[in-house]
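The values are calculated or read from the model by the stated rules, or taken from the named source; none is laboratory data. All figures in this text were calculated on a predicted structure; none of them were measured in a lab. Here the Cβ is made from the backbone with ideal geometry for all residues, glycine too, and neighbour counts use every protein chain on show.
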Amino acid sequence: MTLVSCIRGIQLAVVVAIAIATATPLAAAQEPVRRLVLHDSPRSVAAVQFTDQQGRARSLDDLRGKVVVLNIWATWCVPCRKEMPALDRLQGTLGGAELKVVPLSVDRGGLETVRKFYSEINLRNVAIYTDPSGQALRAVGAIGLPTTLVIDRAGQEVGRAIGPAEWDSPEIAATLRAVMTNTGGRLGQRQDPDRSNLQASPGPLRRAFDWLMAPVTELILDRETPDNSSEKNRSRLTKENEHAVND
């Protein structure tokens with residue numbers, strides 16, 4: 001077994017252990033409607049950049065002042081495909097000046113792949129947003145798809161769903177209305193953090209998490225048909241291993 005393979009094996013083992021530990025509180029709540037969990041306190045959201053359906057560069061900062069339901073998904077993800085109509089209905093019901101549903105696809109095929117899927121299932125309300133690089137997965141610390149963040153008007157994460165949810169259910173609609181009006185039990189006025197410091201100087205825990213998540217992100221993105229980038233990754237790892245042995 002090569003040195004690089006050993007390191008990546010350790011990374012995957014640690015991430016799996018973390019995933020099991022963090023999933024435990026959700027095990028008793030099998031119903032999709034209960035997958036949305038509010039945080040005890042708001043959390044900063046790293047910069048997430050993407051492209052809209054007109055090909056323009058966008059970011060979460062563009063949506064400040066609105067409640068954002070950021071759904072990270074892919075067309076090859078079966079649970080993602082199943083929950084997309086509910087997200088479309090949510091945008092149709094609550095979307096507007098106060099709330100925005102942002103389905104962010106990490107498909108490597110980009111805009112055309114997503115546009116074809118939208119047409120197939122007749123999505124009418126949600127816009128198309130793409131991130132073929134998959135950087136959003138690392139930015140939000142996603143351990144799988146779909147992962148959905150509820151972000152308040154100040155740009156802070158106040159809730160998260162791991163896995164599909166019934167986004168058009170009365171329970172989730174009531175929760176989102178509470179976020180929109182700041183009347184929820186744990187949803188008060190938040191002080192906006194210094195996001196520039198967060199982006200410029202990630203702490204040691206964040207760097208460790210990014211290192212651990214790197215192979216998981218590659219596995220998620222490699223679920224699609226292998227392409228030249230996968231071959232490049234394997235070639236890069238082989239070269240890294242050769243250098244490690246020579247050293």
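Is there any pair with a first residue in region 176-187 that is at positive phi and surrounded by fewer than 17 Cβ atoms within 10 Å (Cβ to Cβ) and a second that is acidic (Asp, Glu) and at pLDDT 90 or above whose Cβ atoms are under 9 Å apart and which are 6 or more apart or on different chains, and what are they?
ASN182/ASP152
Could you run through region 67-80 and say how many residues are assigned to a strand (DSSP E or B) and without any contact (Cβ under 8 Å) to a residue 40 or more places away in the chain? Before the answer, list the steps.
Residues of region 67-80 assigned to a strand (DSSP E or B): 67-73.
In the following step, the residues that additionally are without any contact (Cβ under 8 Å) to a residue 40 or more places away in the chain were identified as none.
The qualifying residues number 0.
I'd like the full set of residues that are out of contact with any strand residue (DSSP E or B) (no Cβ under 8 Å at 6 or more places or on another chain), part of a loop (DSSP other than H, G, I, E, B) and either closer than 23 Å to ILE172 by Cβ or aliphatic (A, V, I, L, M) (or both), limited to region 81-124.
GLY96, ALA97, ASN122, LEU123, ARG124 - these are the residues of region 81-124 that are out of contact with any strand residue (DSSP E or B) (no Cβ under 8 Å at 6 or more places or on another chain), part of a loop (DSSP other than H, G, I, E, B) and either closer than 23 Å to ILE172 by Cβ or aliphatic (A, V, I, L, M) (or both).
Is it the case that region 187-195 has a residue that's over 22 Å from LEU104 (Cα atoms) and either in contact with a Leu (Cβ under 8 Å, 6 or more places away or on another chain) or at pLDDT 55 or above (or both)? Give the steps one after another, and end with the answer.
As a first pass, look at region 187-195 and keep what is over 22 Å from LEU104 (Cα atoms): 187-194.
From what is left, the residues that are either in contact with a Leu (Cβ under 8 Å, 6 or more places away or on another chain) or at pLDDT 55 or above (or both) are 187.
Yes; the residues of region 187-195 include at least one that is over 22 Å from LEU104 (Cα atoms) and either in contact with a Leu (Cβ under 8 Å, 6 or more places away or on another chain) or at pLDDT 55 or above (or both).
Considering region 87-99 alone, what residues qualify as being touching a helix residue (DSSP H, G or I) at 6+ places or on another chain (Cβ under 9 Å) and surrounded by 20 or more Cβ atoms within 10 Å (Cβ to Cβ)? Step through it out loud before you land on a result.
Let us first name the residues in region 87-99 that are touching a helix residue (DSSP H, G or I) at 6+ places or on another chain (Cβ under 9 Å), namely 88, 90, 93-94, 98-99.
ASP88, LEU90, LEU94, LEU99 - these are the residues of region 87-99 that are touching a helix residue (DSSP H, G or I) at 6+ places or on another chain (Cβ under 9 Å) and surrounded by 20 or more Cβ atoms within 10 Å (Cβ to Cβ).
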